[in-house]
Amino acid sequence: MVVIDAHTHFAKKGKAPPPNTPEDLVAVMDKLKIDAMITTPPYSSISMDRTYDDANTFIAEAMKKSPDRIFGLARINPHFREKAVERAERFLKMGFWGIKFHPRNEAVAANDKVLIFPIIEKVEKLGGCVLFHTGQPDTFGFAQPTLCGDVADSFPTVPVIVGHMGKDLFDDAILIAKWFDNVILETSFRSPHDIAKAVRTIGPERVVYGSDFYMGGPFGPEIEMMKVKLANISARDKEMILGDNINRIVKMGVKSHFEGV
Amino acid sequence: MVVIDALAFVGETLYWKMSAEELVKRMDKNGIEMAVATPPPPGPDYTEANKVVYEATRKYPKRIIGFYRVNPHYGEKVLKEAEAAVKEWGFKGFKLDPTNEAYGVTSQIVENVMEVARALKVPVFFHTGDSQFCPPEGVGDVARMYPKVTVMMHASAGGLRAAVSQPNVVLATGPMGGPRMLDSMYDSFDLRRVVFSSRMPIGFPELELRIMQLSLLSEDRKSLVMGENLKRILGL
């Protein structure tokens, strides 16, 4: 069985709480028997120039050190327009597995045709996925799941991961996943009942485990994994959600590191 | 460590049911000694649903504590029932859900219930947070108006703000706040006003108990939250 946390954050010391080295991040994974993490810079890692260049580069280095465990999504501030598109292209060509957007922190609607779409066109061309922070109550106007539905509709070949499954708007997130086959629901902060509802509505293939680590604290990955395990779904569904799905969708090629898991 | 759950449901909804037997079974499985039980939605009249909880408390008097669910829209009828529930049937508090029953938490009909609670010296547990009817800050306003009534609600950022300024507010853990939230929140808060809750079967005691285990609180402080506080508040 492969376990992959599809939504985490990682940055160097001073820019985020620990872990702050690839070795320490892998140690966290080992402790919880997580094979790999998809990770992206947190908002706290933004630089004075309002880009995430340093933070993305830090993750690029981490990926080089642990290519089978650490899978980065480059975080892009879309307000830099053409330069943001250039950055996205550069990071995707460096080996990032996709792009992370945080519409609330970057103050941009998830489906902004001028600021967001040109970046996703690069993902469409170069490959990878996009991950959106979503959710009421904190992101209304910028990141409700319906806006991600518009993105999924506009880029049908790009996997669109709806972070936190829309939080309190999880029903909306499940609906857009029902309507668009390239919508992926990430489970962090949702209850076992909500995870089961997602599976009942769209099937298990496009629901993926995520923790938002370290935002949920050092124990977030364990608690969020426990929610998947407590959901009233089959054992096979749980395996798919905990790792097989994201491994397949993003073509990560992660192998199991732990016997008997 | 004694574990007392400040909120669980007994009864039947459109989608699920929880019998007294099933509740006790789940309590046993999770090492929960006692639990507050109240009827689940939809209502609107909870007279029969409260009787189900009453029967549960009769069957398991050492395990299940009843909180009478009040729909204040029913006026005098429900106020009399609520009074009898405490005086004659052994209910230990009231449960109000302004979202489900559609009333503002600061409206007159809530004040009527609070008057009864004040006279009977029982706590009132408010559902909060998911609608304009019951923001935690509104529950804080009610607590300010009735400083002698213990006002309970689930922990949240708004609930914490209300609780810091209102010493009669008690916060229940969950739903599913992580250990970090628990630790950061309770660093600056009087832990004698925090009680463990699972909201089962909507919530999961396994999850909430694990979060408590992972919390960095000392064992003494955990013991307060897990049961000692509610024991004191309800006079158990």
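Values as computed for the structure displayed
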| read-out | value |
| --- | --- |
| Test result for A:MET226, closer than 25 Å to A:GLY128 by Cα, touching an Asp or Glu at 6+ places or on another chain (Cβ under 9 Å) and not in a loop (DSSP other than H, G, I, E, B) | no |
| From the options B:GLY31, B:GLY11, residue that is surrounded by fewer than 18 Cβ atoms within 10 Å (Cβ to Cβ) and in contact (Cβ under 8 Å) with a residue 40 or more places away in the chain | B:GLY31 |
| Complete set of residues in the range B:210-226 that are farther than 17 Å from A:PRO218 by Cβ and either touching a residue at least 24 places away in the same chain (Cβ under 8 Å) or touching a helix residue (DSSP H, G or I) at 6+ places or on another chain (Cβ under 8 Å) (or both) | B:GLU219, B:ARG221, B:LYS222, B:SER223, B:LEU224, B:VAL225, B:MET226 |
| Scope the range A:208-228; condition at positive phi and more than 7 Å from chain B (Cβ to nearest Cβ); matching residues | A:ASP212 |
| Answer residue from the range A:234-253, given it is surrounded by fewer than 21 Cβ atoms within 10 Å (Cβ to Cβ) and of a type in the set (A, V, I, L, M, F, W, C) and is farthest from A:THR187 (Cα to Cα) among those | A:MET252 |
| Failed criterion for A:ILE241 (all others in (1) under 22 Å from A:THR40 (Cα atoms); (2) within 12 Å of chain B (Cβ to nearest Cβ) hold) | (2) |
| Per-region count, the range A:129-150, residues closer than 18 Å to A:PHE96 by Cβ and either touching a residue at least 40 places away in the same chain (Cβ under 8 Å) or out of contact with any Ser or Thr (no Cβ under 9 Å at 6 or more places or on another chain) (or both) | 4 |
| Checklist (1) closer than 20 Å to B:GLY140 by Cα; (2) touching a residue at least 12 places away in the same chain (Cβ under 8 Å); (3) exposed (fewer than 14 other Cβ atoms within 10 Å of the Cβ) applied to B:VAL70, failing item | (3) |
| Condition check for A:LEU169: within 14 Å of another protein chain (Cβ to nearest Cβ) and either more than 17 Å from the chain's Cα centre (by Cα) or in contact (Cβ under 8 Å) with a residue 12 or more places away in the chain (or both) | yes |
| Any hit, the range A:63-73, residues being surrounded by fewer than 21 Cβ atoms within 10 Å (Cβ to Cβ), touching a strand residue (DSSP E or B) at 6+ places or on another chain (Cβ under 8 Å) and hydrophobic (A, V, I, L, M, F, W, C) | yes |
| Condition met for A:GLU186 (closer than 28 Å to A:MET29 by Cα, at pLDDT 95 or above and in contact with a Gly (Cβ under 7 Å, 6 or more places away or on another chain)) | yes |
| Some residue of the range A:197-204 being part of a loop (DSSP other than H, G, I, E, B), touching a helix residue (DSSP H, G or I) at 6+ places or on another chain (Cβ under 7 Å) and either within 12 Å of another protein chain (Cβ to nearest Cβ) or at negative phi (or both) | yes |
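The values are calculated or read from the model by the stated rules, or taken from the named source; none is laboratory data. Treat the numbers as computed from the prediction; the structure is a model and nothing was measured. Every residue, glycine among them, receives a Cβ derived from its backbone with ideal geometry; neighbour counts consider all protein chains shown.
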